[in-house]
Structure formats: C-alpha cells, structure tokens
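Student: Let me begin by handing over the structure; questions about it come next.
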Amino acid sequence: MMKRLVFFFILTLVSLNMHATGQEGDIIYIDGEYWELLGKPVYADSVLSRELKEALPKGRGYTTSNWAGYTAFWSIQQEQLCLDSIQYEIYNADPKKSRTECLPSDTLHRVFSKYIDGKRIVATWFNGDIRLAKGKMIYYVHSGFERNYENERLVTLDHGKVCEMKDFQNYFVEGFSFDRSSSGRWPGKNMQPMTNVKLHEVFPLHMENYPELADVKQIVFSVKRARVDAQGHLVECEVRVLRPKDVECSPRLAAEMAEAMKAYHPWLVSYINGEFRGYGIQGYSFPYILDK
C-alpha cells in the first residue's frame, strides 16, 4: 500500500511539472516550409500514445522541456496531416556519446498500422485545431505550449483532413500594465515595478470633490472588465472601489477612475490570432496612494 502511495505521489509531481514547464513542440513542413507544431497530435489518442511510448527505447533521454521524450515530424500532403518520422535522443552519461535516432520504419508502421494509407501514415485519429509557429517569440508562460510567436498558422482538421488554414501576424503594442513584473514575458523590458509607479500622476483624480475621503490615505480600485483597441486605447472598463468600503461617493469615484484610465494611452495590448487583448488590466486590483 505504501509503495502505491509513493508511486502515486511521484506520478502526481511529474504530472504537475509537465503542466508547469514550457514544452518543445513537434515539427511540421508545409510545402517545404518549416514550422514548429505547438502540441503533440499523438496525445489526442490515449491508446495510440501509450503504444508509441511502449515502442520507444527505454534508454532515450528526457528533459523538462520534452517530457514525451521524442519529437514527431509531420507534413501536409494532399490536404492531410501525415506523420513522417519520430526522433529521440539516446542518453549517455558522456554527452559526446549521446546520439539522435529515428524510430525504425517497421516499428513506426506497426504502431500506426490502423492509419496507413499507401505509404503514408495519415492522422485520421485527430480532430480539431493544431497551432503552428515561426519567427520571434513575443509572449511566454512557463507552462505547456502557452506561448505566442510573430507568425502563427491555425490549421483545422477533421479526421486528419485539412478543412481550413488561417495565418496570423501577431504583435504587441507596448504600454502600461498593472502587471509590472520583471519576468520578461512581455516585449517591454524596461517596465518599472508597480511600487515605483505613482498612480496619482498616471491617473489624476479630483479628490477635492470627495471631502468625505479627506482622511483617507489609500484607495483600492479593481478592474472587472476591460476592452482595448489596436492602438492601445482602453475603449471601456468597469472599475469598482474595494476600499474604503461602503462610501457613498464610491460610484462617482469609480466612474472618474474609469474615465482617467480611458484617457491614458497606450496600454499594453496584443494582437494574437485575430484577437486584441489587453494584458494586466482586467481582473487586477491596485492601491491608489493619495498625494497629500
């Protein structure tokens, strides 16, 4: 019983790490053009994924950025997603003796025997979208495939057959964000920490209109909803006063803060796969120190 609990605990830790670590994608060629495939299409079929895992050599290397221990190579042929090969690293304590190998063709065809069409392996098990990327990375979260690139292509598949392809040129408009972390996720690398930003200078309020707040040193606002445009303008937002609580002037004060925020330009905005997004705005609460 104890061994089972220990095994379950280790398996849970590995599973959490897989989701908490950025993963390397597969590789796909379309008309001879190289793209990174941000995902593992084999994962879409749990039985197939398990059979592939069993067929791969036990001595292959794993990294925290490739928990699958392999990279699959794909192509689009006659409007179908085809699996061309699977590559893995054979680990050796001496890095010079480590080597890259491909899964033997007969083994590959045995594992994917249900999906062979002539000489091709067609991914008829797969339905849905695959996301392809190339160019400069412009956004990154240290988890799975949560990242975006300048150039992305969304391919919609129905039983491995290409139904639609959409190309996107993604970009950021640098600007203000309540998320002023120095994690480097954003394109702007010179953002000041939030503690160094004087919000009463960025968003000036007419505090003389609120005599009941004369003794208040700090107001805490929250932004529940926000919408931005392509140029980094805040088109609309919903602001609330969290503290001080139950103050009669709260609706007027929140409305003035909303207008001050909309007057500011630019906000940190991204255009990702056809959608404009404002980062570090919606869902944030922030202290507004009064300049007495």
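Student: Could you list, in sequence order, the residues of region 103-126 that are exposed (fewer than 15 other Cβ atoms within 10 Å of the Cβ) and under 17 Å from Lys58 (Cβ atoms)?
Tutor: Across region 103-126, the qualifying residue is only Pro104.
Student: Within the group Asp31, Asp26, which residue is at pLDDT 90 or above, among the acidic types (Asp, Glu) and open to solvent by 30 Å² or more (accessible area, probe 1.4 Å)?
Tutor: Details: Asp26 fails: open to solvent by 30 Å² or more (accessible area, probe 1.4 Å).
None of the others qualify; the one that does is Asp31.
Student: Tell me which of these Leu205 doesn't satisfy, since it passes every other one: (1) assigned to a loop (DSSP other than H, G, I, E, B); (2) without any contact (Cβ under 8 Å) to a residue 40 or more places away in the chain.
Tutor: It is condition (2) that Leu205 fails.
Student: Please go through region 67-83 and pick out each residue that is open to solvent by 20 Å² or more (accessible area, probe 1.4 Å) and in contact (Cβ under 8 Å) with a residue 12 or more places away in the chain.
Tutor: Trp67, Thr71, Phe73, Ile76, Gln77, Glu79, Gln80
Student: Among the numbered criteria (1) in contact with a helix residue (DSSP H, G or I) (Cβ under 9 Å, 6 or more places away or on another chain); (2) within 28 Å of Phe172 (Cα to Cα); (3) of a type in the set (Gly, Ala, Ser); (4) open to solvent by 30 Å² or more (accessible area, probe 1.4 Å), which single criterion is violated by Ala260?
Tutor: The number of the failed condition is (4).
The values are calculated or read from the model by the stated rules, or taken from the named source; none is laboratory data. Just so you know, these numbers come straight off a predicted model, no measurement behind them. Cβ: placed from backbone, ideal geometry, glycine included. Neighbour counts: every protein chain shown. The accessibility values were calculated without ligands, DNA or RNA, using every heavy atom of the protein model including side chains. Shrake-Rupley method; radii C 1.70, N 1.55, O 1.52, S 1.80 Å.
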